[in-house]
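The values are calculated or read from the model by the stated rules, or taken from the named source; none is laboratory data. All of these numbers come straight from a predicted model, not from anything done at the bench. Note that we place each Cβ from the backbone using ideal geometry, even for glycine, and neighbour counts take in every protein chain shown.
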Amino acid sequence: LKLGQNIFSSIEIINPGIHPQNFLSLKKTNYPSFLYLGRIQPYKNIEIALKAFTEVLPKYKDATLTIAGYGESLNLLEKMATDLKIEKSVVFTGRVTEDEKYKLLAQSWVMVQPSMIEGWGITVIEANASGTPVIASNVNGLRDSVVDGRTGLLVKPKDVFMFAKAMIDLIENKEFRERLSDDSIKWAGTFNWQNSANKFLSIINDEISRVYKFISLEKALARE
(Lines give C-alpha, C1' and ligand atoms only; values in the text may rest on other atoms or scores of the structure.)
Protein backbone atom coordinates (compact mmCIF):
# COMPACT_ATOMS: atom_id res chain seq x y z
CA LEU A 1 0.00 0.00 0.00
CA LYS A 2 2.84 2.40 0.83
CA LEU A 3 4.31 1.79 -2.61
CA GLY A 4 1.08 2.90 -4.20
CA GLN A 5 0.27 -0.48 -5.65
CA ASN A 6 -3.39 -0.91 -6.49
CA ILE A 7 -4.14 -4.10 -4.58
CA PHE A 8 -7.40 -3.10 -2.92
CA SER A 9 -9.42 -5.25 -5.33
CA SER A 10 -7.49 -8.28 -4.03
CA ILE A 11 -8.20 -7.60 -0.36
CA GLU A 12 -11.03 -9.33 1.45
CA ILE A 13 -11.93 -8.29 4.99
CA ILE A 14 -13.34 -10.89 7.36
CA ASN A 15 -14.46 -9.30 10.60
CA PRO A 16 -14.33 -11.29 13.83
CA GLY A 17 -17.61 -12.78 14.93
CA ILE A 18 -19.49 -12.94 18.20
CA HIS A 19 -21.62 -15.57 19.88
CA PRO A 20 -25.09 -13.90 19.89
CA GLN A 21 -26.44 -16.48 22.33
CA ASN A 22 -24.06 -15.17 25.02
CA PHE A 23 -25.65 -11.73 25.12
CA LEU A 24 -28.50 -10.89 27.43
CA SER A 25 -31.89 -9.35 26.84
CA LEU A 26 -32.55 -7.40 30.03
CA LYS A 27 -34.78 -4.50 30.93
CA LYS A 28 -33.03 -1.19 30.48
CA THR A 29 -32.43 1.00 33.53
CA ASN A 30 -35.30 3.30 34.47
CA TYR A 31 -32.97 6.31 34.15
CA PRO A 32 -30.75 7.45 31.25
CA SER A 33 -27.61 5.31 31.36
CA PHE A 34 -24.53 5.61 29.17
CA LEU A 35 -21.67 3.14 29.02
CA TYR A 36 -18.08 3.16 27.86
CA LEU A 37 -16.57 -0.33 27.78
CA GLY A 38 -12.98 -0.98 26.80
CA ARG A 39 -9.37 -0.15 27.54
CA ILE A 40 -8.74 3.10 29.38
CA GLN A 41 -6.06 4.53 27.10
CA PRO A 42 -5.34 8.07 25.82
CA TYR A 43 -6.27 7.29 22.20
CA LYS A 44 -9.74 6.24 23.34
CA ASN A 45 -10.58 9.92 24.05
CA ILE A 46 -12.83 9.02 26.97
CA GLU A 47 -12.49 12.58 28.25
CA ILE A 48 -14.78 13.61 25.37
CA ALA A 49 -17.55 11.46 26.84
CA LEU A 50 -16.99 12.98 30.30
CA LYS A 51 -17.11 16.54 28.97
CA ALA A 52 -20.20 15.77 26.87
CA PHE A 53 -21.86 14.27 29.92
CA THR A 54 -21.58 17.61 31.72
CA GLU A 55 -24.03 18.95 29.12
CA VAL A 56 -26.46 16.09 29.78
CA LEU A 57 -26.66 16.29 33.58
CA PRO A 58 -28.25 19.75 33.90
CA LYS A 59 -31.27 18.48 31.92
CA TYR A 60 -31.29 14.89 33.21
CA LYS A 61 -29.99 14.85 36.75
CA ASP A 62 -30.61 11.12 37.20
CA ALA A 63 -28.46 10.17 34.18
CA THR A 64 -25.35 8.05 34.73
CA LEU A 65 -22.16 7.35 32.82
CA THR A 66 -20.34 4.09 33.53
CA ILE A 67 -16.69 3.73 32.53
CA ALA A 68 -15.89 0.01 32.49
CA GLY A 69 -12.32 -1.07 31.95
CA TYR A 70 -8.78 -0.51 33.10
CA GLY A 71 -5.72 1.26 31.76
CA GLU A 72 -3.17 4.01 32.15
CA SER A 73 -5.68 6.88 31.89
CA LEU A 74 -7.96 5.67 34.69
CA ASN A 75 -6.61 7.92 37.47
CA LEU A 76 -6.58 10.94 35.17
CA LEU A 77 -10.21 10.38 34.18
CA GLU A 78 -11.29 9.90 37.79
CA LYS A 79 -9.68 13.24 38.64
CA MET A 80 -11.33 14.86 35.62
CA ALA A 81 -14.75 13.65 36.74
CA THR A 82 -14.12 15.24 40.14
CA ASP A 83 -12.87 18.49 38.60
CA LEU A 84 -15.97 18.61 36.38
CA LYS A 85 -18.12 18.01 39.47
CA ILE A 86 -19.85 14.99 37.93
CA GLU A 87 -18.20 12.30 40.06
CA LYS A 88 -21.48 11.37 41.78
CA SER A 89 -23.02 10.45 38.42
CA VAL A 90 -19.99 8.69 36.91
CA VAL A 91 -19.11 5.11 37.88
CA PHE A 92 -15.63 3.71 37.29
CA THR A 93 -15.85 -0.07 37.57
CA GLY A 94 -12.29 -1.06 36.76
CA ARG A 95 -11.96 -4.50 35.18
CA VAL A 96 -15.22 -6.40 34.80
CA THR A 97 -15.97 -10.10 34.45
CA GLU A 98 -17.66 -11.49 31.36
CA ASP A 99 -20.95 -11.79 33.27
CA GLU A 100 -20.67 -8.19 34.45
CA LYS A 101 -19.88 -7.08 30.92
CA TYR A 102 -22.97 -8.74 29.47
CA LYS A 103 -25.16 -7.17 32.17
CA LEU A 104 -23.76 -3.68 31.63
CA LEU A 105 -24.18 -3.97 27.87
CA ALA A 106 -27.78 -5.13 28.18
CA GLN A 107 -29.02 -2.65 30.78
CA SER A 108 -27.45 0.54 29.41
CA TRP A 109 -29.47 2.82 27.17
CA VAL A 110 -26.53 3.80 24.96
CA MET A 111 -22.84 2.98 24.55
CA VAL A 112 -20.39 5.80 23.80
CA GLN A 113 -17.20 5.19 21.83
CA PRO A 114 -15.25 8.45 21.28
CA SER A 115 -12.03 6.71 20.18
CA MET A 116 -9.92 8.20 17.39
CA ILE A 117 -8.37 4.87 16.34
CA GLU A 118 -10.12 1.52 15.96
CA GLY A 119 -9.31 -1.40 13.72
CA TRP A 120 -12.77 -2.88 14.15
CA GLY A 121 -15.32 -1.93 16.82
CA ILE A 122 -15.99 -5.36 18.31
CA THR A 123 -17.42 -3.82 21.51
CA VAL A 124 -19.82 -1.88 19.29
CA ILE A 125 -21.14 -5.15 17.86
CA GLU A 126 -21.33 -6.63 21.36
CA ALA A 127 -23.41 -3.64 22.50
CA ASN A 128 -25.65 -4.01 19.46
CA ALA A 129 -26.13 -7.71 20.21
CA SER A 130 -27.49 -6.60 23.59
CA GLY A 131 -29.92 -4.16 21.98
CA THR A 132 -27.82 -1.13 22.86
CA PRO A 133 -27.17 1.52 20.18
CA VAL A 134 -23.82 3.30 20.01
CA ILE A 135 -22.68 6.91 19.68
CA ALA A 136 -19.22 6.80 18.10
CA SER A 137 -16.58 8.92 16.43
CA ASN A 138 -16.86 8.98 12.66
CA VAL A 139 -13.47 7.36 12.05
CA ASN A 140 -12.16 4.30 10.23
CA GLY A 141 -13.16 1.10 11.96
CA LEU A 142 -16.05 2.62 13.86
CA ARG A 143 -17.78 3.79 10.70
CA ASP A 144 -17.57 0.15 9.57
CA SER A 145 -19.23 -1.19 12.71
CA VAL A 146 -21.81 1.57 13.30
CA VAL A 147 -24.55 2.07 10.72
CA ASP A 148 -25.31 5.77 11.18
CA GLY A 149 -28.98 6.36 11.91
CA ARG A 150 -29.74 2.66 12.08
CA THR A 151 -27.62 1.06 14.81
CA GLY A 152 -26.28 4.24 16.35
CA LEU A 153 -24.98 7.70 15.56
CA LEU A 154 -21.63 8.76 14.12
CA VAL A 155 -20.38 12.18 15.18
CA LYS A 156 -17.40 14.36 14.39
CA PRO A 157 -14.32 13.14 16.30
CA LYS A 158 -13.44 15.09 19.47
CA ASP A 159 -16.55 17.25 19.09
CA VAL A 160 -17.91 17.54 22.64
CA PHE A 161 -20.97 19.49 21.53
CA MET A 162 -22.01 16.89 18.95
CA PHE A 163 -21.46 14.01 21.37
CA ALA A 164 -23.59 15.79 23.96
CA LYS A 165 -26.28 16.55 21.38
CA ALA A 166 -26.39 12.90 20.31
CA MET A 167 -26.66 11.75 23.94
CA ILE A 168 -29.52 14.16 24.64
CA ASP A 169 -31.28 13.29 21.38
CA LEU A 170 -31.31 9.59 22.28
CA ILE A 171 -32.66 10.36 25.75
CA GLU A 172 -35.46 12.54 24.42
CA ASN A 173 -36.48 10.48 21.39
CA LYS A 174 -37.55 7.17 22.89
CA GLU A 175 -39.12 5.89 19.66
CA PHE A 176 -35.92 6.52 17.71
CA ARG A 177 -33.80 4.97 20.46
CA GLU A 178 -35.92 1.82 20.53
CA ARG A 179 -35.82 1.55 16.75
CA LEU A 180 -32.03 1.76 16.87
CA SER A 181 -32.09 -0.95 19.54
CA ASP A 182 -34.17 -3.31 17.40
CA ASP A 183 -32.04 -2.75 14.30
CA SER A 184 -28.86 -3.14 16.35
CA ILE A 185 -29.79 -6.69 17.30
CA LYS A 186 -30.43 -7.59 13.66
CA TRP A 187 -27.15 -6.02 12.54
CA ALA A 188 -25.10 -7.77 15.23
CA GLY A 189 -26.65 -11.09 14.27
CA THR A 190 -24.85 -10.95 10.92
CA PHE A 191 -21.48 -11.04 12.70
CA ASN A 192 -21.61 -14.56 14.08
CA TRP A 193 -18.64 -16.90 13.80
CA GLN A 194 -20.45 -19.20 11.38
CA ASN A 195 -20.80 -16.38 8.85
CA SER A 196 -17.14 -15.44 9.32
CA ALA A 197 -16.07 -19.06 8.82
CA ASN A 198 -18.24 -19.42 5.71
CA LYS A 199 -16.73 -16.29 4.18
CA PHE A 200 -13.21 -17.51 4.95
CA LEU A 201 -13.98 -20.90 3.40
CA SER A 202 -15.43 -19.23 0.31
CA ILE A 203 -12.25 -17.19 -0.17
CA ILE A 204 -10.09 -20.32 0.17
CA ASN A 205 -12.22 -22.20 -2.37
CA ASP A 206 -12.08 -19.29 -4.81
CA GLU A 207 -8.30 -19.14 -4.49
CA ILE A 208 -7.94 -22.90 -5.00
CA SER A 209 -10.11 -22.63 -8.11
CA ARG A 210 -8.06 -19.71 -9.44
CA VAL A 211 -4.76 -21.56 -8.91
CA TYR A 212 -6.16 -24.74 -10.49
CA LYS A 213 -7.24 -22.80 -13.60
CA PHE A 214 -3.83 -21.16 -13.83
CA ILE A 215 -2.02 -24.52 -13.59
CA SER A 216 -4.36 -26.06 -16.18
CA LEU A 217 -3.67 -23.16 -18.54
CA GLU A 218 0.09 -23.55 -18.11
CA LYS A 219 -0.14 -27.27 -18.89
CA ALA A 220 -2.24 -26.59 -21.98
CA LEU A 221 0.27 -24.03 -23.25
CA ALA A 222 3.16 -26.42 -22.59
CA ARG A 223 1.57 -29.07 -24.83
CA GLU A 224 1.32 -26.68 -27.77
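List of remarks:
- Scanning region 57-85 for residues that are in contact with a Ser or Thr (Cβ under 9 Å, 6 or more places away or on another chain) and of a type in the set (A, V, I, L, M, F, W, C) turns up L57, A63, L65, I67, A68, A81, L84.
- Residues that are at pLDDT below 95 number at least 3 in the following helices (runs of 4 or more DSSP H) confined to region 123-224: 142-145, 174-188, 193-223.
- Among the residues of region 91-113, those that are touching an Asp or Glu at 6+ places or on another chain (Cβ under 8 Å) and not in a helix (DSSP H, G or I) comprise F92, T93.
The rows are residues; the columns are (1) in the same structural domain as N140 (by TED's automatic domain parsing); (2) out of contact with any Gly (no Cβ under 8 Å at 6 or more places or on another chain); (3) at pLDDT below 95.
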| position | (1), (2), (3) |
| --- | --- |
| L1 | no, yes, yes |
| F34 | yes, yes, no |
| G38 | yes, no, no |
| L50 | yes, yes, no |
| L57 | yes, yes, no |
| T64 | yes, yes, no |
| N75 | yes, yes, no |
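- Selection status of M167, surrounded by 19 or more Cβ atoms within 10 Å (Cβ to Cβ) and assigned by TED's automatic domain parsing to the domain that holds L50: yes
- Count of region 42-56 residues, restricted to those that are in contact with a Ser or Thr (Cβ under 9 Å, 6 or more places away or on another chain) and surrounded by fewer than 16 Cβ atoms within 10 Å (Cβ to Cβ), is 2.
- Looking across region 84-98 at every residue that is surrounded by 10 or more Cβ atoms within 10 Å (Cβ to Cβ) and charged (D, E, K, R), the one that is farthest from F53 (Cα to Cα) is identified as R95.
- Of all residues making up region 125-160, the number that are buried (at least 24 other Cβ atoms within 10 Å of the Cβ), touching a Pro at 6+ places or on another chain (Cβ under 6 Å) and more than 16 Å from W109 (Cβ to Cβ): 1
- Selection of region 141-179 for residues being of a type in the set (V, I, T) and within 21 Å of K28 (Cβ to Cβ) yields V146, V147, T151, I168, I171.
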